[in-house]
Amino acid sequence: MRGTGLFIEFLHNRKGAAGLAIVAAFTFMALFAPFISPYNPTSTNPQAFLLPPSPSHPFGTDNLGQDLLSRDLYGAQISLIVGLAAAGVAVAIGLVTGLVSGYFGGLVDEVIMRIVDFFIVIPALVIMIVVAALLGPGLLNVIAVIGFLSWAPVARIIRSMVLSLRERPFVESARANNGGSLYIMFRHIFPNVSSVLYGNAMLAVSSAIFTQAALVFLGVGNVTSISWGGIIREAYTTGALTAGDMAWVVPPGIFIFTLIFGFILIGYAVEEIMNPRLRGGGSG
Amino acid sequence: MIPTLFGLTLLMFLLERAIPNSILASQYVNPQSTVPITEQLHNAYIQLGLNNPAPIQFLYYLNDIFHGNLGYMNTSYYSGSVSSAILQYFPNTAQLVIFSMAVTLVIAIPLGTYIGARPGSVADHASRVFSITGFAIPTFWLGLMLQIAFGKGVLNLPISVFPLGGVVSNSALPSPLPSWLLNPTSGALSSSPTHMVFFDAMLHGDFALAENAFVHMVLPIITLTYALLAGLLRFIRSGMVDSASKEYVKTARAKGVPERMVIRTHIRKNAMIPAVTVIALLIADLLGGVVVTETIFGYPGMGLLSVNAAITDEIYGVVGTTLVFGVIMVVANLVVDVVYALLDPRIRY
């Protein structure tokens, strides 16, 4: 059972264990938000607006009297959904284009790489703002915008690995045994790029979480659902910030930071375990 | 370079034409023109080529771009042609970007060299922690935290000395306004010759105004620089570690070259070559950061213009600013390629 062994090794890796604990805590928070949050995050209370932190409202309330702790707990849902789904889209597109480009080479490679260059050169966040504003709010739109605009770096990395892998004897022997292109790409080459792919997938998740929060903060994307970026935006636009209302602004930022940090740690751990050359903390 | 620019204009064209023709035409009306609206609408259809098939429309579109006709915007923050809006907002962004790049390079190169020459040291571990925070802290939140801690009028700590936003304080402007601070045609506030207030004030010897402009930039620059620095520092460091293990370094040490010279001329010079390519990618991050940072600090640059245009559905404002951002990126990449070839004689294009 190679998979189980790797997982145990992952848990023994300090970075991996810490990252997994962080992500697990936020996943718990997202799944059980309806049960652990003290109030309904959208129920307004005109008698209790802009309350400072107190035992009944640990993070205080916002300008509509909504409990901020409850909103912060619910915010984990959007970050995790968008982060994982958008990264999934980006990694899937990046993997397939990278495999095809590297494996077939020639004109196919040339065309795909020019497209990749284009997506790497354009200022992604600016284009995302444009597309998200044109598409309008909605969870799927945000996932699509982030996913379709961040696959290029993955494709480039996978392609460069495939270029050298396809010349190896095991690929040659698979081809000699009449293995089809698809079979060779996914059965023989894919396992050899998977370590880098998983590491990059974790980094893609963290950058998708950041991008989603930034888009919502700027006022585009899924502004209507409860999210950490949205909570910070509400604090910013209502002037809570200049009033020094720390309990409104600080916790969602720390949550974003910690969750991103968790995924980065997992990404580092995955690369360390799957790539033995990195063990011992010599580089990176 | 040309395919990228072509791709970008095509993408912008497709996004723009996803919007109904009537809205496109109605937003192509110059709010400052005295020509009747109906006539302007009619002209807009002709000028945009909206009565033609899409490929022909694209040619019209390219023609418009080459002539600087990027359409018009009519909003509370700007009313007039998009190209004049860009001319007005762009210098402020340029000012921020110039300073941020300079600060990043001035800190990252010596510090990266220092750390890279001492892998595993306390400084190395400290820089690793700094870098991870640089990747994980959301830019916009960092900017807000800086405003809370260092901004005048929030918590009012002893360190709260920086303004919360804007380019210069009105009180710092000389009175009456000298001619170099006024736009000769419109009479609006606009400095010359560079249009960047800080540099213009320095050129005209108004150091109080220059200082004021600089103080307004400090928090935005820290916000922009933080993540950039984290990335570049790690990159230079690993480049140093890589090239320190090369044969020519062993040779240099063996023939008794002093250690400082080994680090400077043998290790660092070679470590800088890959770092140059990363700088092009960092400029992309920087432009993304500009959008967020300018919004937080209310700094009237291209980023703020593009966000405002996006949330008020000003299609021409959005497309125009995005095109400019794209052109900057493409040019930056070209410059980096040239510098790369200069640094490494083995590279020929």
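The values are calculated or read from the model by the stated rules, or taken from the named source; none is laboratory data. It should be emphasised that the depicted structure is a prediction, and the values quoted were computed from it without experimental measurement. All Cβ positions, even for glycine, are placed from backbone atoms using ideal geometry, and neighbour counts span all protein chains on display. For accessibility, only protein heavy atoms count, side chains too; no ligands or nucleic acids. Shrake-Rupley method; radii C 1.70, N 1.55, O 1.52, S 1.80 Å.
A few points about this structure:
- Residue match in the range A:271-278 (condition: within 10 Å of chain B (Cβ to nearest Cβ) and either closer than 30 Å to A:Gly16 by Cβ or buried (at least 20 other Cβ atoms within 10 Å of the Cβ) (or both)): no
- Check on A:Arg159, of a type in the set (Lys, Arg) and within 11 Å of chain B (Cβ to nearest Cβ): no
- Residue, farthest from the other protein chains (Cβ to nearest Cβ), within the range A:100-118, restricted to residues that are open to solvent by 20 Å² or more (accessible area, probe 1.4 Å), more than 27 Å from B:Ile283 (Cβ to Cβ) and not hydrophobic (A, V, I, L, M, F, W, C): A:Tyr103
- Inter-residue pairs, beta-carbon under 9 Å, first facing chain B (nearest Cβ under 7 Å) and in the range A:119-133, second in a loop (DSSP other than H, G, I, E, B) and hydroxyl-bearing (Ser, Thr, Tyr), 6+ apart: A:Ala124/A:Ser150
- A:Tyr268 meets each of the listed conditions (1) under 14 Å from the mean Cα position of the chain (by Cα); (2) open to solvent by 10 Å² or more (accessible area, probe 1.4 Å) apart from (1).
- Residue check, A:Ser173 hydroxyl-bearing (Ser, Thr, Tyr) and assigned to a helix (DSSP H, G or I): yes
- Qualifying residue in the range A:255-267 (condition: farther than 30 Å from A:Asn13 by Cβ and either in contact with a Ser or Thr (Cβ under 8 Å, 6 or more places away or on another chain) or facing chain B (nearest Cβ under 9 Å) (or both)): no
- For the range B:290-314, a residue qualifies if it is more than 8 Å from chain A (Cβ to nearest Cβ), over 19 Å from B:Ser100 (Cβ atoms) and part of a helix (DSSP H, G or I), and the qualifying residues are B:Asn308, B:Ala309.
- Under the condition of being in contact (Cβ under 8 Å) with a residue 40 or more places away in the chain, among the aromatic types (Phe, Trp, Tyr) and within 18 Å of A:Ile127 (Cα to Cα), the residues counted in the range B:300-349 number 1.
- Conditions (1) among the β-branched types (Val, Ile, Thr); (2) closer than 20 Å to B:Val339 by Cα; (3) within 14 Å of chain A (Cβ to nearest Cβ); number of the one not met by B:Ile273: (3)
- Just one of the listed residues (B:Pro119, B:Pro176, B:Pro138) is touching a residue at least 24 places away in the same chain (Cβ under 8 Å) and farther than 24 Å from B:Ser84 by Cβ, and it is B:Pro119.
- Every residue from the range B:239-260 that is part of a helix (DSSP H, G or I) and without any contact (Cβ under 8 Å) to a residue 24 or more places away in the chain: B:Glu247, B:Tyr248, B:Val249, B:Lys250, B:Thr251, B:Ala252, B:Arg253, B:Ala254, B:Glu259, B:Arg260
One line per residue, one yes/no per condition, for (1) open to solvent by less than 40 Å² (accessible area, probe 1.4 Å); (2) farther than 27 Å from A:Asp245 by Cα; (3) assigned to a helix (DSSP H, G or I):
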{"site": "A:Lys15", "(1), (2), (3)": "no, yes, yes"}
{"site": "A:Pro58", "(1), (2), (3)": "no, no, no"}
{"site": "A:Leu73", "(1), (2), (3)": "yes, no, yes"}
{"site": "A:Val82", "(1), (2), (3)": "yes, yes, yes"}
{"site": "A:Val91", "(1), (2), (3)": "yes, yes, yes"}
{"site": "A:Gly98", "(1), (2), (3)": "yes, yes, yes"}
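- Taking the range B:152-167 as the range and being free of Cβ contacts under 8 Å to residues at least 60 places away in the same chain and open to solvent by less than 30 Å² (accessible area, probe 1.4 Å) as the test, the residues that pass are B:Val154, B:Ser160, B:Pro163.
- So A:Pro137, is it farther than 26 Å from B:Leu281 by Cα, assigned to a loop (DSSP other than H, G, I, E, B) and either touching a Phe, Trp or Tyr at 6+ places or on another chain (Cβ under 9 Å) or not basic (Lys, Arg) (or both): yes
- Test for A:Val126: is it of a type outside the set (S, T, N, Q), over 17 Å from the mean Cα position of the chain (by Cα) and either open to solvent by 40 Å² or more (accessible area, probe 1.4 Å) or over 30 Å from A:Ile273 (Cα atoms) (or both): yes
- Note on the range B:32-42: residues that are open to solvent by 70 Å² or more (accessible area, probe 1.4 Å) and in a helix (DSSP H, G or I) amount to 4.
- Count of residues meeting criterion [of a type in the set (A, V, I, L, M) and closer than 22 Å to B:Glu211 by Cα] in the range B:66-104: 7
Each row is one residue, and each column tells you yes or no for (1) acidic (Asp, Glu); (2) over 30 Å from B:Arg234 (Cα atoms); (3) away from every other protein chain (no Cβ under 11 Å); (4) in a loop (DSSP other than H, G, I, E, B).
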residue: B:Phe140; (1), (2), (3), (4): no, no, no, no
residue: B:Met145; (1), (2), (3), (4): no, no, no, no
residue: B:Ile148; (1), (2), (3), (4): no, no, no, no
residue: B:Gly165; (1), (2), (3), (4): no, yes, no, yes
residue: B:Ser171; (1), (2), (3), (4): no, yes, yes, no
residue: B:Phe199; (1), (2), (3), (4): no, yes, yes, no
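- Scan of the range B:18-31 for residues that are free of Cβ contacts under 8 Å to residues at least 60 places away in the same chain and not in a loop (DSSP other than H, G, I, E, B), ordered by number: B:Asn21, B:Ser22, B:Ala25, B:Ser26
- The one condition in (1) closer than 18 Å to B:Val324 by Cβ; (2) at pLDDT 90 or above that B:Asp64 fails to fulfil: (2)
- Checking B:Asn69 against (1) touching a residue at least 12 places away in the same chain (Cβ under 8 Å); (2) open to solvent by 70 Å² or more (accessible area, probe 1.4 Å), the condition it does not meet: (2)
- Being closer than 13 Å to A:Phe217 by Cα and at pLDDT below 85 holds for only one residue in B:Ile283, B:Ile311, B:Ile279, and it is B:Ile311.
Yes/no matrix, rows are residues, columns are (1) basic (Lys, Arg); (2) modelled with pLDDT under 90:
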residue: B:Phe99; (1), (2): no, no
residue: B:Ile107; (1), (2): no, no
residue: B:Arg118; (1), (2): yes, yes
residue: B:Ala149; (1), (2): no, yes
residue: B:Leu157; (1), (2): no, yes
residue: B:Leu164; (1), (2): no, yes
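- Positions within the range A:220-246 being surrounded by 21 or more Cβ atoms within 10 Å (Cβ to Cβ) and at positive phi, in sequence order: A:Gly221
- Apart from one condition, A:Arg159 fits all of (1) charged (D, E, K, R); (2) under 19 Å from B:Phe6 (Cα atoms); (3) surrounded by 21 or more Cβ atoms within 10 Å (Cβ to Cβ); the exception is (2).
- If you check B:Ile236, B:Ile263, B:Ile221 for being within 19 Å of B:Gly303 (Cα to Cα) and part of a helix (DSSP H, G or I), only one passes: B:Ile221.
Here's the yes/no breakdown for (1) loosely packed, with under 13 Cβ neighbours inside 10 Å; (2) polar (S, T, N, Q); (3) closer than 22 Å to B:Glu314 by Cβ; (4) within 14 Å of chain A (Cβ to nearest Cβ):
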site: B:Ile2; (1), (2), (3), (4): yes, no, no, yes
site: B:Leu5; (1), (2), (3), (4): no, no, no, yes
site: B:Leu11; (1), (2), (3), (4): no, no, yes, yes
site: B:Arg17; (1), (2), (3), (4): no, no, yes, yes
site: B:Asn21; (1), (2), (3), (4): no, yes, yes, no
site: B:Leu24; (1), (2), (3), (4): no, no, yes, yes
site: B:Asn30; (1), (2), (3), (4): no, yes, yes, no
site: B:Pro53; (1), (2), (3), (4): yes, no, no, no
site: B:Tyr61; (1), (2), (3), (4): no, no, yes, no
